[in-house]
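*Asks:* Submitted below is the structure of interest, expressed as structure tokens.
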Amino acid sequence: MNVERLVTMANDISHFFVAEAGPDGAPEQIAAHLKKFWDPRMRAAIAAHAEAGGHGLSAPALAAAKLLAAAPATAQR
């Protein structure tokens, strides 16, 4: 899994949700979008990247990835 591509995609998604929900409401909506549309391997990779510091992720995308990391694995399917 190319983490750099996932970071770019997560940041693009975060730009949309920040415009829609503002910076405070965006992380939950970003995480919900990733849970709905991303393959479990993609979600696991971006969550692991966030846990390792999240280099390159915007603040809302990083917060969303950390929400994914905190969620139980069974809830991420």
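*Asks:* When you go through R43, R5 one by one, which is the residue that is modelled with pLDDT of 95 or more, outside any loop (DSSP other than H, G, I, E, B) and surrounded by fewer than 19 Cβ atoms within 10 Å (Cβ to Cβ)?
*Replies:* R5
*Asks:* Any chance you could count how many residues in the range 8-40 are surrounded by fewer than 13 Cβ atoms within 10 Å (Cβ to Cβ), on the phi < 0 side of the Ramachandran plot and assigned to a helix (DSSP H, G or I)?
*Replies:* Qualifying residue count for the region: 7.
*Asks:* Could you list, ordered by first residue, the pairs with Cβ atoms under 9 Å in which the first is in the range 8-34 and in contact (Cβ under 8 Å) with a residue 40 or more places away in the chain and the second is open to solvent by less than 50 Å² (accessible area, probe 1.4 Å) and β-branched (V, I, T), at least 6 apart or interchain?
*Replies:* What qualifies is A10/I30; A10/I46; I13/I30; S14/I30; F17/I30; V18/I30.
*Asks:* Then there's this: On the basis of being of a type in the set (K, R), in a helix (DSSP H, G or I) and more than 8 Å from the chain's Cα centre (by Cα), does K66 make the cut?
*Replies:* On the way: of a type in the set (K, R): yes; in a helix (DSSP H, G or I): yes; more than 8 Å from the chain's Cα centre (by Cα): no.
The answer is no for K66.
*Asks:* Restricting attention to the range 8-28, which residues are under 19 Å from A69 (Cα atoms) and in contact with a Ser or Thr (Cβ under 9 Å, 6 or more places away or on another chain)?
*Replies:* Hits for the range 8-28 are A10, N11, S14, A26, P27.
The values are calculated or read from the model by the stated rules, or taken from the named source; none is laboratory data. As the structure is a prediction and not an experimental result, all values here were calculated from the model. Positions of Cβ are backbone-derived with ideal geometry, glycine not excepted, and every protein chain shown enters the neighbour counts. Ligands, DNA and RNA are stripped out before the accessible areas are found, and what is left, the full protein with its side chains, is counted by its heavy atoms. Shrake-Rupley method; radii C 1.70, N 1.55, O 1.52, S 1.80 Å.
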